[in-house]
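Please read the structure below before turning to the comments.
Each reported figure results from applying straightforward, stated rules to the coordinates on display, with no laboratory input. This is a predicted model, so every value here is computed, not measured. Note: ideal-geometry Cβ built from the backbone for every residue, glycine included; neighbour counts use all protein chains shown.
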């Protein structure tokens, strides 16, 4: 019988959850997030990696082929095939910095061993991509999300700085000025100054010092600085924390802010309370914990993802002793771990890929024996992911071949493809099922033929994709 005071990860259920996400269509609510398909793919493959589920050779090949098909001819990667259309308007600004980060991580995860890792970025137009990222940096050191007609678009979001730092670490390599593969670096000093300006009065981090501090921004700020300090190849000795020291003027205040994010969780007892509360904030150092959740901002409710954003931040700062590991595990495994696998945002909600992945990441950071170690600086990578990718710097190709990221055949394929081909072919059957349930007051017995039609459609599509060797992607 499971011990509620020392719960364990239901590993097999989590594997089933992620394999469903990988092999079949996602639930219909994900349709609205098609532009972030690369992100979801990265959550899936990273989670399977953390759970020690190996990919087949055909799956690795399919991942590489799919990711590289999303490379934009002007640099960077698009979020999904539906946003990679080469029409005039789409051509200007479809590549974005988040999709580019997830694309590179996926290529690294698709490498089975160190030999494959050395060629993980083969096919990536490294020079053009790094130049594109550099163009995303503003004079104040911040980064935008996309380029639109040559103009930087998107806020001065700390997440963009983190993503730029990750991309730089993965692709730049130890290339000396004057070498054929040399590309002008980002303005690192201005990036550090931008991060520094984000620390707030309470020690936390926001987009600027005048805005509300947030654990997610804190993670991105710390991660960006940590990766600036990390060597650009796998053989160099780790440099001193120069960027971290310059970019976080009040380190003690930041630790204090992060240490204030966990609190004792209490189940809600009264359903008709006007204010929904599920916590009692505890004094730092208190040991009277049952279940401990984390929030991202002051006076907010517990959320699975902040176990990672706050816990991962403390791990990067070398303050893991502050994390209440056992009560935090109890919160994740007794409260938000879902019976079908995955994690929900909060109690009573269905699992979703974002919280399911970050729940695993948090547990891995706490040393869960059923999971691989996790690289807290480079989210989405386990410590066993081949790291020789950072050394895989290819010389730039001749200019006439660089412009062929979109071949004539590929261009025609996307220009002639109907919009319906980009969406779930079984959505119509699913909607018919929902309409039947609505008409019959939720009585499934009255809608059997509709559900069967939906299952038949799913099975036929899945078999077709399997025969083509394409999987979910």
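Structure data summary
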quantity	calculated
Contour minus Cα-Cα distance for residue 176 and residue 193 (0.36 nm per residue)	3.6 nm
Packing-based exposure ordering (other Cβ within 10 Å, fewest first) of 170, 446	446, 170
Peptides ranked, highest mean first, by Cβ atoms within 10 Å: ranges 157-167, 359-369, 344-354, 23-33	157-167, 359-369, 344-354, 23-33
Residues in the stretch 104-136 that a label on residue 57 would reach, taking backbone N under 17 Å of a point 7 Å out along Cα→Cβ	110-117
Alpha-carbon centroids, the stretch 45-59 and the stretch 307-350: separation in whole Å	22 Å
Full-stretch length increase - residue 208, residue 139 - with 0.36 nm per residue and alpha-carbon distance subtracted	23.3 nm
Cβ-based exposure ranking for 443, 3, 185, 202, in which fewest neighbours within 10 Å come first	3, 443, 185, 202
Contour excess over end-to-end distance, with Cα ends at residue 339 and residue 463 and 0.36 nm allotted per residue	41.9 nm
Packing-based exposure ordering (other Cβ within 10 Å, fewest first) of 298, 18	298, 18
Estimated inter-spin distance, residue 346 and residue 242, nm [label 7 Å along Cα→Cβ]	4.5 nm
Pairwise label distance in nanometres, residue 114 with residue 320, each label 7 Å out on the Cα-Cβ vector	2.3 nm
